[in-house]
Structure formats: structure tokens, C-alpha cells
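**Q** The following block contains the structure, expressed as C-alpha cells.
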Amino acid sequence: MNSNPTMRAALQTTVGDPDVLQVVDVPRPEPRPNEILVRVHAASLNPTDWKHRANGGFLGEPPFVLGWDLSGVVEAVGVGVARFRPGDEVIGMLSYPFGHGSHAEYVAAPARDFARKPASLDHVQAAALPLVSLTAWQALVENADVQPGQRVLVHAAAGGVGHVAVQIAKALGAYVIGTASGPKHDFLRELGVDEAIDYREVDFSEEVRDVDVVLDTIGRDTSTRSLRTLRSGGIVVSILPIGRPDFYEEADALGVRAVRMLVDSSRADLASITRLVDDGRLRPTIAETFPLEQIADAHRLGETGRTTGKIVVTMD
Ligand SMILES: NC(=O)c1ccc[n+]([C@@H]2O[C@H](COP(=O)([O-])OP(=O)(O)OC[C@H]3O[C@@H](n4cnc5c(N)ncnc54)[C@H](OP(=O)(O)O)[C@@H]3O)[C@@H](O)[C@H]2O)c1
């Protein structure tokens, strides 16, 4: 047995444009107590990947390997892991933000960050799910407590978070309004959206009223304008910086609630999401797949901000 195994990983040693990503050999990790070593088959990209690549974000100075989402097969388990065995197919979101590193052939991470891969999805589809569906679930269920019949406005409903949020909101029994540019409205209807708003043609804050819950995937001015769409007691859950210090005072004055959240790893939430998939209520859409060696192209595509669904890199 090789005592110094290596793996391919998308390493960057400096921040910058997509060309800073170099797919190179690095040491393969070992699972520590309570961790599993997973052979990654597919890993999706999220906007946080290109933001961190360009400016370091929460991680500061490189070197680092980005990537939080993955689907793969357990290769080995660390001391104390009883839930998984080698050969199990798993999905996971590495602890956000400091557990990054799924854009590689292997990851070693706490077993609690993983759940069984839904049997009806292949690795590419499964890798698309964790970060965006945890975000949507934690926004809609944990923060907003969406109830059947409530009106939910999902911004960027064709995007990674949005297209999953629409399906989760429908599964919760909500009436869903989604924003996207006109050519994406057929896609929105396929997802189950009840009303599609072309945000380029109309001001959503003039068109939409009496909303119980807004999932704000845009931030800044969209957060502020979203307050006006809410009925009294409604809530806007924002997943981006709002950029206005008086935002929360304005929400108070309007009699609505406003929160900003960051996604968090949760096996229980992943299990709820997996059940939705197994029940046929949630399915990710894949915009495009790239081999790991072409991850810079995957970043370039993502950075357009125009993709429908998710971008995935494959390691096989
Ligand atoms: N806080 C957290 O924990 C957390 C978690 C996940 C994501 N995020 C953040 O949430 C944002 C969305 O993430 P994502 O993965 O969904 O991104 P994404 O997949 O890259 O979003 C792309 C989509 O955004 C749509 N879009 C762009 N501008 C829009 C606008 N003004 N109104 C409506 N739709 C618009 C585009 O549709 P058109 O082509 O029709 O414009 C496209 O389909 C990112 O900034 C990400 O960093 C935060």
C-alpha cells in the first residue's frame, strides 16, 4: 500500500480570476475520529465558490481548495463512526464556511455533515442538492415556518437556490410566486410556480402584494423593496448582504419581520430533503457538467449569473 497517497484537487494559491484554479496532486486526507473519508464522484458549484476564489471571503488568504457540496462513496471511516460503512453512497455539505474542499477526488469530514444519497438520483444530480436545498429548507421551514396556503415569493426562482426553494415551498403547500427573466418562465411553471414575474419588465414590488414569506436571493435593493410586498406579520429571509443599516427599523415600522441567514450543515435537514426527493417532490436541474480538470470553465459559466439550476464538476 502506498504510504503517501495523493489526489487531484482544484488548488489555488492566490485569489483572482478562474485561471488561478490549478488541478494538481495534493496529499489525500485521512479520516480523523468521527470523520469519514469520501471518494467524491461529483461536486457542485455555488456562487460562494467564485466569490471566495476571487476575494478569499471568509477563508482569507489561499492556499485552499474550494467546494462545499458533494456526492460520493465512503472509502473509510474514522474511529467512532457507526452510521456509515465503506461503500455507502452519501451526499453532504461540508461545514460552511470553514469545512471547504470538495473540489477534489477525496474529502475527510465529520460524519454528521452527511446523509445517504437519495437512491433515485445519480451522483451528478445528488451533488447539486446539499447547499442549495439546505439553504432553501432553513429559510422556508426553520426561519419562516411556511404553512399550507401561504403566499411565498422566491427571487431568482430559476437559480440554484430558487429552483429548489420553489419545489420545497410547493411541497409545503404554499402558493408560490417566482421572479426570473421572461424566457425562463416555462421552466418556472414546470417547477410548479403559480405566478411568474419578469423582473426585467415589471417592478415586482408594485406587482406583488400580501406575501407571507419572501426568500431574498438577491440582497441590497431587492431586500428593501421586498418589505413592501409583505402582509403585516410576514417575513423576508435574506441570504445576502442587505447593505442598508436601517433595513430592520424599516421592517419594524411596516410591521413585518426580516432576518439574514447563512446556511448551516445539518444531517436532520438533509434527511428531510432526501425524503422529498424520494417522494418525487424535489428534483435538481443540472445546467452543465464539467470534468474537474475544466473547473475554471465551470467558474466562468457560473459567474455569468444567468444559469438555470446547478453547475456540477465530476471526478470520474
Ligand atoms: N446565505 C447563504 O447561506 C447562501 C446560500 C446559498 C446562496 N447564497 C447566495 O444567494 C445567491 C443566489 O445563489 P444561487 O445559487 O441561486 O445563484 P445562481 O444559481 O447563480 O443564480 C442564477 C439565477 O439568478 C437569476 N437572477 C439574477 N439576477 C436576478 C434578479 N435581479 N431577479 C431575479 N432573478 C435573477 C438568473 O435568472 P435570469 O437569467 O432570469 O436573470 C439565474 O437563473 C448568491 O449570491 C449566493 O452567494 C447565500
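The values are calculated or read from the model by the stated rules, or taken from the named source; none is laboratory data. As the structure is a computational prediction, the values presented were derived from the model and not from experiment. Note that each Cβ is placed from the backbone with ideal geometry, even for glycine, and that neighbours are counted across all protein chains shown. Each accessible area value is taken on the protein alone, full model and side chains, heavy atoms only, with ligands, DNA and RNA left out. Shrake-Rupley method; radii C 1.70, N 1.55, O 1.52, S 1.80 Å.
**Q** Under 9 Å between Cβ atoms, which residue pairs at least 6 apart in sequence (or on different chains) link something in the stretch 289-316 that is at pLDDT below 95 with a partner that is away from the ligand (no atom under 15 Å from the Cβ) and not in a strand (DSSP E or B)?
**A** These pairs meet every condition: Asp316/His123.
**Q** Show the residue pairs that are 6+ apart or on different chains and have beta-carbon atoms under 6 Å apart, the first residue being within the stretch 237-260 and in the same structural domain as Thr222 (by TED's automatic domain parsing) and farther than 28 Å from Lys51 by Cα, the second being open to solvent by 30 Å² or more (accessible area, probe 1.4 Å) and hydroxyl-bearing (Ser, Thr, Tyr).
**A** Final answer for the pair search is Gly255/Ser232.
**Q** Right, here's the next one. Quick one: which strands (runs of 3 or more DSSP E) sit completely within the stretch 141-200 and have at least 1 residues that are touching a residue at least 40 places away in the same chain (Cβ under 8 Å)?
**A** Where strands (runs of 3 or more DSSP E) fall fully within the stretch 141-200 and carry at least 1 residues being touching a residue at least 40 places away in the same chain (Cβ under 8 Å), they are 151-154.
Residues checked against (1) in a strand (DSSP E or B); (2) within 16 Å of the ligand (Cβ to nearest atom); (3) farther than 26 Å from Arg116 by Cα:
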site	(1), (2), (3)
Val237	yes, yes, yes
Gly243	no, yes, yes
Ser265	no, yes, no
Leu276	no, no, no
Phe290	yes, yes, no
Arg306	no, yes, yes
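**Q** Sticking with this one: Looking at the stretch 12-59, which of the residues that are in a helix (DSSP H, G or I) and acidic (Asp, Glu) is nearest to the ligand (Cβ to nearest atom)?
**A** Initial filter on the stretch 12-59 (in a helix (DSSP H, G or I)): 18-20, 47-55, 57-59.
Add one more test, that the residue is acidic (Asp, Glu), and what stays is 19, 49.
Numbers: Asp19: 20, Asp49: 9 Å.
The residue in question is Asp49.
**Q** Here's something else I'd like to know. Leu215: more than 9 Å from the ligand (Cβ to nearest atom) and under 25 Å from Val277 (Cβ atoms), yes or no?
**A** Yes.
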